[in-house]
Each structure stands twice: as C-alpha cells, then as structure tokens.
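The values are calculated or read from the model by the stated rules, or taken from the named source; none is laboratory data. What you see is a predicted model, and the numbers here were worked out from it, not measured in a lab. Please note: Cβ atoms are built from the backbone with ideal geometry, for glycine as well, and neighbour counts cover all protein chains shown.
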C-alpha cells in the first residue's frame, strides 16, 4: 500500500486525474487552461507546436505548476520562524528576508517568494 501524507493527498489526486481530464479538452481550450495556470506563453507555444501537443501541454503543467503547489501546501504549515529559515535555506537573500519581517503581513510576504 502506498501511503501519502494527508496534506499531500489532494495534490496526488490532482496529479493523477489532471492528465486524464485534460486529454478530453480541445487543443485551444487546453492551451487556454495552461496559460490560466500561469505558465510562460513561449513554453506553451513550443509545446503546442510539438508532435503530440496535448501531451506536451499537460506535461508542462504537471512539471512546472504542481511542484510549486506542493511547496505552497508545505509552507502553509510553517510558523514565521520556520518560514524564514526555509527562505534562507532556499537561497533567498538575508536582507530580503529581514525586510519581509517589517511589512504588515510577513508570512504572506515570505510566501510570495516561493510562488512560481
């Protein structure tokens, strides 16, 4: 039996069902959805021009968008000090991390640095 941490269960379901659901979309709708997911238009256009455009577009979303979502889910459970430590661990500049502590929403400010 393959166990999954509860907070990652919804992401695992999304990664399993998303490609199956999106294969039913027309290519133009699929392209629109990938752009709505925030993917770079140049990468979307390149995928659309490939031999298997549906597969390429779906792979693009899964490869770029959903790992970012997994990171955001992980960050949601952290306290401010843990989030600061994680930001530094990921290579964020110490000055930027320190400045984030002085804004109205330091958690939100630090979390935005992890957005893709």
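All but one of (1) free of Cβ contacts under 8 Å to residues at least 40 places away in the same chain; (2) under 18 Å from the mean Cα position of the chain (by Cα); (3) surrounded by fewer than 16 Cβ atoms within 10 Å (Cβ to Cβ) hold for residue 87, so report the exception by its number.
So the condition that residue 87 fails would be (3).
Just to be sure, is residue 24 outside the structural domain of residue 110 (by TED's automatic domain parsing), at pLDDT 85 or above and at negative phi?
Criteria not met by residue 24.
Give the residue, chosen from 52, 85, that is modelled with pLDDT of 85 or more and over 24 Å from residue 113 (Cα atoms).
Working: 85 fails: over 24 Å from residue 113 (Cα atoms).
Matching residue, one of 52, 85: 52.
Looking at 75, 18, 92, 39, which is the one that is at pLDDT below 90 and either surrounded by fewer than 14 Cβ atoms within 10 Å (Cβ to Cβ) or more than 26 Å from residue 109 (Cα to Cα) (or both)? Steps first, please.
On the way: 75 fails: either surrounded by fewer than 14 Cβ atoms within 10 Å (Cβ to Cβ) or more than 26 Å from residue 109 (Cα to Cα) (or both); 92 fails: either surrounded by fewer than 14 Cβ atoms within 10 Å (Cβ to Cβ) or more than 26 Å from residue 109 (Cα to Cα) (or both); 39 fails: either surrounded by fewer than 14 Cβ atoms within 10 Å (Cβ to Cβ) or more than 26 Å from residue 109 (Cα to Cα) (or both).
The conditions single out 18.
Among the residues of the stretch 60-67, is there at least one that is exposed (fewer than 15 other Cβ atoms within 10 Å of the Cβ), part of a helix (DSSP H, G or I), modelled with pLDDT of 90 or more and on the phi < 0 side of the Ramachandran plot?
no
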